[in-house]
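First comes the structure, then the notes that go with it.
Values in this text are rule-based calculations from the coordinates and carry no lab data. Computed from a prediction, not measured in an experiment: that's the story for all the values here. Please note: Cβ atoms are built from the backbone with ideal geometry, for glycine as well, and neighbour counts cover all protein chains shown.
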């Protein structure tokens, strides 16, 4: 079992002292399903990138801004958001930690 509260706190502590202002850990990897805890120090941005076939973000601590989708969206602790299939950036508005859930490939035939 994984305690996300403890991981969020530990990675926020690590991000605050890391040169790049971030800390990450894959907490679950099962086939194409992957869950990663990511912590960012306030002001740190994950540059523009593509979403995988399916993805969501669940904010565990702090506030962050997701840009480049239909509308820029601020997310705070406790909020869950599906990431659209568009290039986007993520920026920590304050020290933030989130759980990123991704599916890295989809067998189209099995999902019809």
Quiz prompt | Failed item, numbered, when residue 61 is tested on (1) loosely packed, with under 14 Cβ neighbours inside 10 Å; (2) touching a strand residue (DSSP E or B) at 6+ places or on another chain (Cβ under 6 Å) | solution = (1)
Exercise. Of the numbered conditions (1) part of a strand (DSSP E or B); (2) over 16 Å from residue 92 (Cβ atoms); (3) touching a residue at least 24 places away in the same chain (Cβ under 8 Å), residue 25 fails exactly one; give the number of that condition.
Key: (3)
